[in-house]
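Everything on this sheet refers to the single structure shown next.
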Amino acid sequence: MELDKRDVVTGRPTTGHEWNGIEELETPIPRVVFFFLGTAFVFSLICWMLYPTWPLIWTYTKGMLGTDQKQVVAVQVEDAALSRATWTSEIEKKSYAEIEADPALMRSVKETGHTLFGDNCAACHGVNATGGAGFPNLAAKAWLWGDGSPEALEETIRVGINSTNDDTRTSQMLAFGHDGMLPTDQIEAVVAYVRSLSSLEPAGDAKRIEAGKQVFAANCVACHGEDAKGKRDVGAPDLTDANWLYGSDAQSVFTTVYSGRQGHMPNWAARLSPLDIKILTVYVHTLEKKPQ
Amino acid sequence: MISRLTLSERQLALGVLLFLGIIGLAMAAAGRNDPLGGQGFIVLLFSVGLAFYVMSGYFAPEPDESRLASYYDDPTKVGIVLAMFWAVIGMAMGVWVAALLAWPELTFVDQAWASFGRLRPVHTSGVIFGFGGNALIATSFHVLQRTSRARLPDQFSPWFVLIGYNLFCIVAASGYLMGITQSKEYAEPEWYADIWLVIVWVVYFLIYLRTLARRKEPHIYVANWYYMAFILVVAVLHIVNNLAVPVSFSHAKSYSLFSGVQDAMTEWWYGHNAVAFFLTSGFLGMMYYYLPKRAGRPIFSYRLSIISFWGITFLYMWAGSHHLHYTALPQWVQTLGMTFSVMLLVPSWASAGNALATLNGAWHKVRDDATLRFMMVAAVFYGLSTFEGSFMAIRPVNSLSHYTDWTIGHVHAGALGWVAMITFGSIYALVPWLWKREAMYSPRLVEVHFWLALAGTIVYVFSMWNSGIIQGLMWRTYNDSGTLAYSFVDSLEAMHPYYIARTFGGLLFLAGAVVGTFNVLKTITLARHESATAAEPDMPAIPATSAVQAGE
Amino acid sequence: MPEFFHRKVERNAIGFVLAIVGVASIGGFVEIAPLFTIHETVEEAPDMRLYTPLELAGRNIYIREGCYACHSQMIRTLRDEVERYGPYSLAVESKYDHPMLWGSKRTGPDLARVGGKYSDVWQVRHLMNPRDVVPQSIMPRYGWLAKNDLRIDDLGEHLAAQRAVGVPYTQAMIDNATQDAYGQASPDSNYASGVSERYGKATNVRAFDGDPSRVTEMDALVAYLQILGHLTDAAYKQPAAQAEAQE
Ligand code: HEM
Ligand code: HEM
Ligand SMILES: [Ca+2]
Ligand SMILES: [Ca+2]
Ligand SMILES: [Cu+2]
């Protein structure tokens, strides 16, 4: 090795090699490199001793802590549930009326309900629960099912509507046109009539509306009632109010009557715990009233 | 350029193109009911087009023996232009997908090929393989010859590698638009493209070996250690990770050999080391030549080079499992991934430090010369992103950062700050050398590019750090009741301003790349026009024993 | 001394090449090979079922459209993820996934347990235009899925290729792949019963896109989404077992 060459700036010797003008200095490796290497290695060594690390052919070293991420998280989730028990056990025990009368509990319901609703229900019912085309506005308090009591809501959420649950609520708006039960002109008439109930139909076509009324009486009252105010035991909506599940324009209503409708609300018992469902029930029940 | 090939090289080129054309035709015919057919047409068109080009120069007089006394730089020249071309395409695609995340309705056509999921890999492959790969191939040929003081072994195989590699990139990118992907990140191209890349890569490796075998320097220079590690390890990774069974020879689709947890580990062993040996090792090779060359300084420490090289080569290969923390991958692999990632910081910083210390005695040049400043900043970002990476590899940190934009911020600190900057710096150094000019067409524009790139990187990275950390925290924030405080959609809404900021940062970076491309093309055309008057020979002659003139 | 050794190595290209390959091979070998030999890596799940041909086609569309670029399918062993998305994912759940789709970015929510969470109608409307049902969404529209007929004539070849990489499809499944794909999306057709026969009673047989007369890409993708997290019940039993083991 020729070690006679020196760099003019640093005065350090070069390795004596040169590649197209590039040289290298014989600078020793700075101490700190070894220091950090040692530190990183010690850190690693400690981790190797504490946690599962080295594979043997059929098994692996388990580490002195003897833990595994699966156990750790199972315990964490369990502990978290225990520490929430201060208020969740109240929710489980108390009646709906008692919960709603308790401001501290209601605060927890609101906080928890916001996220539970946001992650599970908002996709259909919207973040403000005001619904959208095909998905009911839960903040309108115009219920399809039951009397709007927490018990009725709880059942809907638990079993769903037209869902895969064995006890599901079932409902169906028949396809009067598609299935040949009514001719098109009669459907048009009943559509006009239904829309007139909430003053959506321009006045003057009284004859048509009158014809529609006849059709309605013959075909629809079984589900929607004489007064068209709906029947909450079959999930048939009130047709006289301002809430429309599938849109109120003539075309949408025509489609509803012609092709029928069958909304699908999932079966939450399969996904959420009874506690979560109870929290959501209270959350939905106490939503501020909002139009669509 | 054809006129510089010998007749037998021209014949070889035509033969290979004929073979490729037949393959393309066969793919088009067999895959007529499948997207494979479309890919076949692309291969066919590509080979026919090139065959016409070769034919156009086929009858030109052959070059004489004097060519052997000079380096063979034509593939490097073309490779640089291709790299800049892919840079603009890939980064424009990056800006576009960034904009789609801010304004999803921006898509002008409601068509499959234009949707986010198909365009995103066009961006990632476009910048990593199109831009990065071409830059690596082009510079490696240049560096290899200079540091070996030997000419490339023949004139055909470098072209085969460069053109074949670009065919791979075109097939890959067009495939994504057609919906062809294996879904393995950074290895998305399907089986036939994967096989083609293996062939190209073997030839690439052989060029390296054959040139080294003919080298006049007893020692192999550090830059070549890195380029070799890049070539070799990428080959190993690519072959193992892409093992798959095609549905049939008339289907583009294949099913990977591994499944589930083994597939996940193989994919991230590959994915992480694509970062290590493509985006790091290769570009370190680049840095180890162009930085000292441009600075006119010797490498700070040869011994530091040794330990950082072997440290990187050994330790990186253990770190891939840090992409799978807390997943269904057994925890023992995660512990290994975490600890080796932490140890990896030391050789990474050693190489960044070696680069920066090499600038001792040349800091005044860094101040005045934007080209060198590109390389200096690149080394800084290299240090920064490896520090960040090692930090993110620690399990509890990763529990926050994984799945979020923090990862995207880290990626682009490395990709923009390190990979792109070192490449731009090297290209600005290399272009005037290759085209025999004093300097770039406009040093002012180099300066402009530098500031656009730096500003773009900072805006991009900071906005992603912010959004990533906010996102990660929102996902795990608990309210006083001990339940999750935010829904997913809450976190989505919080991202919007950062997605706009990122788009803006990317736009700055892209503008820089466009300016750079213009500058490079301008320098080349100037050189073309002046070469008629310049009396210098095109290539410096190499007397058998002495080195090429310094500054080359 | 080591330095002297290195000076020797760096004079020999072949030696250097071998050294690089040797040094670089160790990590991957130590981390990957044992995943095939250590049995507890993949849990036992006797109830694990296979993707039907329609679901597999849907999975391929999920891959084709790059959904994995925004959605993970891997719930990590972290409290917040388990509380938000459900039981953490097990290795066995992706045992037949060639390739796995664990993902690396959550621009959208995790989908590992999305099956059954929403109705088919919602899935279709969401894919047609996500902002129709979720105004805040930044997910792209996928309108063409409802327009494109699904290619089902070659599904037998797909199943055969899956079998070649180790998925236990039977010859009957391979032979009936096309019919089964049709039947699963056309509940009133003659082909519907074969699907439950071959893939189990719990298999969803529905007109996923709402139109039983056509088998579209939308049918396939929704069928796939609706099965996510439901190939086995193992994940729901696991945490209880783990908590017990701890006590
Ligand atoms: C103009 C500058 C650029 C912009 C605006 C940009 C933008 C983007 C965007 C929007 C994504 C998708 C992030 C997501 O899914 O959330 C992305 C991903 C990515 N980009 Fe870029 N990019 C740019 C330049 C680059 C460059 C130069 C490189 C590499 C050399 C690069 C490498 C990547 C990689 C590897 C990913 C995937 C990250 C991951 O999956 O974790 N980008 N980029
Ligand atoms: C010591 C060096 C480095 C370490 C230990 C490291 C570590 C990491 C970690 C922990 C992640 C996040 C994985 C996850 O949570 O999903 C990551 C992602 C990534 N890093 Fe690094 N990093 C290093 C250097 C670099 C450099 C220099 C680049 C250059 C561009 C880079 C590019 C990437 C890319 C592209 C990803 C995204 C992978 C994906 O999910 O698609 N890293 N890295
Ligand atoms: Ca591939
Ligand atoms: Ca990724
Ligand atoms: Cu990594």
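The values are calculated or read from the model by the stated rules, or taken from the named source; none is laboratory data. Quick caveat, the model's predicted, so the values are computed rather than measured. A quick note on method: Cβ atoms are made from the backbone with ideal geometry, for glycine too, and the neighbour counts reach across all protein chains shown. With ligands, DNA and RNA removed, areas are computed over all heavy atoms of the protein, side chains included. Shrake-Rupley method; radii C 1.70, N 1.55, O 1.52, S 1.80 Å.
Which residue pairs have Cβ atoms under 8 Å apart, sit 6 or more places apart or on different chains, and have a first residue in segment C:139-153 that is more than 30 Å from B:GLU493 (Cβ to Cβ) and a second that is among the β-branched types (Val, Ile, Thr) and assigned to a loop (DSSP other than H, G, I, E, B)?
Once the first residue is more than 30 Å from B:GLU493 (Cβ to Cβ) and sits in segment C:139-153, its partners that are among the β-branched types (Val, Ile, Thr) and assigned to a loop (DSSP other than H, G, I, E, B) give C:ASP149/C:VAL215; C:LEU150/C:VAL215; C:ILE152/C:VAL215.
How about segment A:1-108: which helices (runs of 4 or more DSSP H) wholly inside it have at least 3 residues that are facing chain B (nearest Cβ under 9 Å)?
Fully inside segment A:1-108 and qualifying: A:31-50, A:69-93.
Check whether at least one residue in segment C:129-143 is crowded, with 21+ Cβ neighbours inside 10 Å, within 14 Å of chain A (Cβ to nearest Cβ) and not in a loop (DSSP other than H, G, I, E, B), and report yes or no.
yes
Tell me, which helices (runs of 4 or more DSSP H) wholly within segment B:278-396 include 2 or more residues that are β-branched (Val, Ile, Thr) and touching a residue at least 12 places away in the same chain (Cβ under 8 Å)?
Once the helices (runs of 4 or more DSSP H) in segment B:278-396 are filtered for at least 2 residues that are β-branched (Val, Ile, Thr) and touching a residue at least 12 places away in the same chain (Cβ under 8 Å), what remains is B:302-315, B:331-358, B:370-392.
Suppose we filter B:GLY117, B:GLY79 for residues that are within 14 Å of another protein chain (Cβ to nearest Cβ) and open to solvent by less than 10 Å² (accessible area, probe 1.4 Å); which single one remains?
From the options B:GLY117, B:GLY79, the qualifying one is B:GLY117.
Given the structure, is B:SER399 in the same structural domain as B:PHE450 (by TED's automatic domain parsing), at pLDDT 95 or above and surrounded by fewer than 21 Cβ atoms within 10 Å (Cβ to Cβ)?
The answer is yes for B:SER399.
Could you check, for segment B:273-284, whether at least one of its residues is away from ligand 1 (no atom under 16 Å from the Cβ) and crowded, with 23+ Cβ neighbours inside 10 Å?
Looking through segment B:273-284, none of the residues is away from ligand 1 (no atom under 16 Å from the Cβ) and crowded, with 23+ Cβ neighbours inside 10 Å.
Could you list, in sequence order, the residues of segment C:228-247 that are small (Gly, Ala, Ser), buried (at least 20 other Cβ atoms within 10 Å of the Cβ) and at pLDDT below 95?
Residue satisfying the conditions is C:ALA235 alone.
Which ones in segment B:226-255 are touching a residue at least 24 places away in the same chain (Cβ under 8 Å), within 7 Å of chain C (Cβ to nearest Cβ) and crowded, with 24+ Cβ neighbours inside 10 Å?
B:ALA229, B:VAL233, B:LYS253
For segment B:257-272, which residues satisfy the criterion of being in contact with a Leu (Cβ under 8 Å, 6 or more places away or on another chain) and either open to solvent by 10 Å² or more (accessible area, probe 1.4 Å) or within 12 Å of ligand 5 (Cβ to nearest atom) (or both)?
B:LEU257, B:PHE258, B:GLN262, B:TRP268, B:TRP269, B:TYR270
Considering segment C:85-112 alone, what residues qualify as being polar (S, T, N, Q) and either closer than 15 Å to C:ARG59 by Cα or within 14 Å of ligand 2 (Cβ to nearest atom) (or both)?
C:SER94, C:SER104, C:THR107
Here's the yes/no breakdown for (1) open to solvent by 20 Å² or more (accessible area, probe 1.4 Å); (2) within 10 Å of chain B (Cβ to nearest Cβ):
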residue	(1), (2)
C:PHE36	yes, yes
C:HIS39	yes, no
C:MET48	yes, no
C:ALA57	no, no
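Give me the residue from segment B:400-418 that is within 12 Å of ligand 5 (Cβ to nearest atom) and part of a helix (DSSP H, G or I) and, out of that set, nearest to the other protein chains (Cβ to nearest Cβ).
Filtering first and then ranking leaves B:THR407.
Of (1) among the basic types (Lys, Arg); (2) at positive phi; (3) within 16 Å of ligand 4 (Cβ to nearest atom), B:ARG149 satisfies all except one. Which?
Among (1) among the basic types (Lys, Arg); (2) at positive phi; (3) within 16 Å of ligand 4 (Cβ to nearest atom), B:ARG149 violates only (3).
Could you list all residues from segment B:97-111 that are of a type outside the set (Asp, Glu) and either outside the structural domain of B:GLU190 (by TED's automatic domain parsing) or open to solvent by 20 Å² or more (accessible area, probe 1.4 Å) (or both)?
B:TRP103, B:PRO104, B:LEU106, B:THR107, B:PHE108, B:VAL109, B:GLN111, listed by residue number.
Out of B:TRP269, B:TRP201, B:TRP196, I need the residue that is within 16 Å of ligand 2 (Cβ to nearest atom) and either charged (D, E, K, R) or modelled with pLDDT of 95 or more (or both). Which one?
Result of the check over B:TRP269, B:TRP201, B:TRP196: B:TRP269.
Go through the residues of segment B:437-448 one by one and say whether even a single one is assigned to a helix (DSSP H, G or I), crowded, with 24+ Cβ neighbours inside 10 Å and without any contact (Cβ under 8 Å) to a residue 60 or more places away in the chain.
Checked against the condition, which is being assigned to a helix (DSSP H, G or I), crowded, with 24+ Cβ neighbours inside 10 Å and without any contact (Cβ under 8 Å) to a residue 60 or more places away in the chain, segment B:437-448 yields no hits at all.
What residue, among those in segment C:39-91 that are in contact (Cβ under 8 Å) with a residue 12 or more places away in the chain and small (Gly, Ala, Ser), is farthest from ligand 4 (Cβ to nearest atom)?
The extreme case among them is C:ALA45.
Do you know which of the residues in segment A:12-57 that are of a type in the set (Asp, Glu) and open to solvent by less than 40 Å² (accessible area, probe 1.4 Å) is farthest from B:GLU217 (Cα to Cα)?
A:GLU26
Here is a yes/no grid of residues against (1) touching a Lys or Arg at 6+ places or on another chain (Cβ under 6 Å); (2) assigned to a helix (DSSP H, G or I); (3) within 16 Å of ligand 3 (Cβ to nearest atom):
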site: B:TRP159; (1), (2), (3): no, yes, no
site: B:PRO189; (1), (2), (3): no, no, yes
site: B:MET228; (1), (2), (3): no, yes, no
site: B:VAL234; (1), (2), (3): no, yes, yes
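Do we have B:ILE128 as open to solvent by 10 Å² or more (accessible area, probe 1.4 Å) and under 15 Å from the mean Cα position of the chain (by Cα) here?
Yes; evaluated as a whole, the condition is true for this residue.
When you scan segment B:127-147, do you find a residue that is outside any helix (DSSP H, G or I) and within 16 Å of ligand 5 (Cβ to nearest atom), even just one?
no
Going by the structure shown, is B:TRP196 surrounded by 19 or more Cβ atoms within 10 Å (Cβ to Cβ), within 25 Å of B:LEU119 (Cβ to Cβ) and within 16 Å of ligand 3 (Cβ to nearest atom)?
In short, yes.
Does B:ARG297 satisfy the condition of being away from ligand 4 (no atom under 16 Å from the Cβ), more than 22 Å from the chain's Cα centre (by Cα) and more than 7 Å from every other protein chain (Cβ to nearest Cβ)?
Spelling it out, B:ARG297 is indeed away from ligand 4 (no atom under 16 Å from the Cβ), more than 22 Å from the chain's Cα centre (by Cα) and more than 7 Å from every other protein chain (Cβ to nearest Cβ).
What are the residue pairs meeting all of these: first residue in segment A:110-132, first residue more than 9 Å from chain B (Cβ to nearest Cβ), second residue in a strand (DSSP E or B), Cβ atoms under 6 Å, and 6 or more apart or on different chains?
A:CYS124/A:PHE135; A:HIS125/A:PHE135; A:GLY126/A:GLY132
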